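The values are calculated or read from the model by the stated rules, or taken from the named source; none is laboratory data. Just so we're clear, the structure is a prediction, and the values are computed from it rather than from any experiment. Cβ placement follows ideal geometry from the backbone for every residue including glycine, while neighbour counts extend to all protein chains displayed.
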Amino acid sequence: MAGKVLAVLLPLLLCLSGLAGLLLLCIPTRDVREPPAYKYGIVLDAGSSHTSMFVYKWPADKENDTGIVSQHSMCDVHGGGISSYAEDPPGAGRSLVSCLNQAMKDVPKERHSVTPLYLGATAGMRLLNLTSPAASDSVLSSVTETLTQYPFDFRGARILSGQDEGVFGWVTANYLLENFIKYGWVGEWIRPRQGTVGAMDLGGASTQITFETASQAEDPANEVKLQLYGQSYRVYTHSFLCYGRDQILKRLLAGVLQAFSAFYYTVDFLRKVMKLPVTSPGELRIAAKALCNESWVKLLERAPGQQARLADYCACATFVNQLLLQGYKFDEHTFPSIAFQKKAGDTSIGWALGYMLNLTNMIPPDQRNFRKGTDYGSWVVLILLFIVVILVALAMLFCFARSSKSQSAI
């Protein structure tokens, strides 16, 4: 008797469990947001001495219309800057191929057609455009022809103004210092709206100084207004063309001297190779003098792998000393506030990231999709599992009913 009861009870329990599971899965539940997909952007920084490619990514839904951008990868183009191809414009386009092929691998294939691709040329091309507009146009045409052969969303190749270069470098520095936005301990993005830092960049052909200001600039050309992460910023910026590292060296060699990049490399050489402290104006002057007084043989012993640039460090250290102390008027009190940096974390400091941050303001966000609290694939599997349980239970009941009928007939 007990066996018959168990034979009926087990299928019934299985059938009820299956029905209960189906009902629970089909009851409307609160929809949850899916994790946002990532968007990608590519910026080619065509500097005066070399070109670098940066691949950035950010959540597709953005934050207050500006993407939370991070550096995904980078690639240094072999050879000189694109302005060095004035006599061979097609070579400028060919020089970019290796890095663009890397970008094809770094960006997911399904995102290629919607990934914006920009090339920004800086002071090297600004100088070429002033001295030979036809050569400048030929070089830009060459790189444009190369860039349009790739499946990315090419948005143009242009020469940045000195103000653009300065402002975007300032944006990069403050973004990496979390002065615009940061991830709070409660798991949400917050906008601290704390004070920003100024930025100085010493490139190959120009130098820029940029900082936030509360008052209006005397020259409107030196003032830029930005909108980032729902906040407004008024920024003063000034670029000094022909006062970059390479241009100053050319002036020295010609015998004519008028009174984040190279700042970092020069001070880093003084600290790491010359083993000299650079924490005050006096120490900078002493370090520059010690470097220039060092014999060539001893310099080669100190830096055996840097012979290509070794002869330039004396002139550069002297120029950095004059620019910071006599040009920008840093003194014993303000000099310690200067941080000579190349990277912050894994991200390079330069104008390219700031350029990408600003451009995300113009890239529409993706709408985030909603789904059930349970992953869709798991939800389908559970539905099928409960249906199988119900069918097994019904089959067991059917078999028990036939067995009972056969026994009663006997």
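If a residue has to be more than 32 Å from the chain's Cα centre (by Cα), more than 13 Å from Leu270 (Cβ to Cβ) and buried (at least 18 other Cβ atoms within 10 Å of the Cβ) to count, how many in the range 306-341 make the cut?
Here the count works out to 1.
Among the residues of the range 251-280, count how many are surrounded by 11 or more Cβ atoms within 10 Å (Cβ to Cβ) and either out of contact with any strand residue (DSSP E or B) (no Cβ under 6 Å at 6 or more places or on another chain) or at pLDDT 85 or above (or both).
Here the count works out to 19.
Looking at the structure I just gave you, is Arg94 surrounded by fewer than 23 Cβ atoms within 10 Å (Cβ to Cβ) and modelled with pLDDT of 95 or more? Spell out the reasoning first.
Values: surrounded by fewer than 23 Cβ atoms within 10 Å (Cβ to Cβ): yes; modelled with pLDDT of 95 or more: yes.
Yes, satisfied.
Residue under question is Ser113, and the condition is that it be farther than 19 Å from Leu359 by Cβ, part of a helix (DSSP H, G or I) and modelled with pLDDT of 90 or more; does it hold?
Judged against the criteria, Ser113 is not a match.
Select, from Val107, Val77, Val55, the only residue that is modelled with pLDDT of 90 or more and farther than 19 Å from Gly350 by Cβ. Step through it out loud before you land on a result.
Working: Val77 fails: farther than 19 Å from Gly350 by Cβ; Val55 fails: farther than 19 Å from Gly350 by Cβ.
Result of the check over Val107, Val77, Val55: Val107.
Six or more apart or on different chains, Cβ atoms under 6 Å: show the pairs whose first residue is in the range 89-116 and in the same structural domain as Ala157 (by TED's automatic domain parsing) and whose second is assigned to a helix (DSSP H, G or I) and of a type in the set (Gly, Ala, Ser).
Between residues of the range 89-116 that are in the same structural domain as Ala157 (by TED's automatic domain parsing) and residues that are assigned to a helix (DSSP H, G or I) and of a type in the set (Gly, Ala, Ser), the close pairs are Pro89/Ser138; Pro89/Ser142; Pro90/Ser142; Ala92/Ser142; Gly93/Ser142.
Return the residues of the range 136-184 that are aliphatic (A, V, I, L, M), assigned to a helix (DSSP H, G or I) and within 30 Å of Asp219 (Cβ to Cβ); say none if nothing qualifies. Walk me through it before giving the result.
Let us first name the residues in the range 136-184 that are aliphatic (A, V, I, L, M), namely 139-140, 143, 147, 157, 159-160, 167, 171, 173, 176-177, 181.
Next, from what is left, pick out any that are assigned to a helix (DSSP H, G or I): 139-140, 143, 147, 167, 171, 173, 176.
Selection gives Leu140, Val167, Val171, Ala173, Leu176.
Kindly indicate whether Thr360 is of a type in the set (Val, Ile, Thr), modelled with pLDDT of 75 or more and closer than 30 Å to Leu228 by Cβ. Steps first, please.
Details: of a type in the set (Val, Ile, Thr): yes; modelled with pLDDT of 75 or more: no; closer than 30 Å to Leu228 by Cβ: yes.
Considered against the rule, which asks whether it is of a type in the set (Val, Ile, Thr), modelled with pLDDT of 75 or more and closer than 30 Å to Leu228 by Cβ, Thr360 comes out as no.
Which one of these does Glu178 not meet: (1) modelled with pLDDT of 85 or more; (2) in contact with a Pro (Cβ under 9 Å, 6 or more places away or on another chain)?
(1)
Which one is modelled with the highest pLDDT, of the residues in the range 20-52 that are assigned to a loop (DSSP other than H, G, I, E, B) and of a type in the set (A, V, I, L, M)? Full working, then the answer.
So the first thing to find is which residues in the range 20-52 are assigned to a loop (DSSP other than H, G, I, E, B), and the list is 27-31, 34-37, 47-50.
This time we only want the ones that are of a type in the set (A, V, I, L, M), so: 27, 37.
Values: Ile27: 56, Ala37: 73.
Within the range 20-52, the match that is modelled with the highest pLDDT is Ala37.
Identify, from the list Glu301, Glu283, the residue that is surrounded by 12 or more Cβ atoms within 10 Å (Cβ to Cβ) and of a type in the set (D, E, K, R).
Selected residue: Glu283, the only one of Glu301, Glu283 that is surrounded by 12 or more Cβ atoms within 10 Å (Cβ to Cβ) and of a type in the set (D, E, K, R).
Could you check, for the range 321-339, whether at least one of its residues is modelled with pLDDT of 70 or more and closer than 30 Å to Ile42 by Cβ? Don't jump to the end; show me each part of the working.
Here is the first cut: in the range 321-339, the residues modelled with pLDDT of 70 or more are 321-339.
Subset that is closer than 30 Å to Ile42 by Cβ: 339.
Yes, because at least one residue in the range 321-339 is modelled with pLDDT of 70 or more and closer than 30 Å to Ile42 by Cβ.
Report every pair of residues separated by at least 6 positions or lying on different chains whose Cβ atoms are under 8 Å apart, first residue within the range 282-305 and closer than 12 Å to Arg271 by Cα and not assigned by TED's automatic domain parsing to the domain that holds Leu323, second polar (S, T, N, Q) and surrounded by 12 or more Cβ atoms within 10 Å (Cβ to Cβ).
Pairs found: none.
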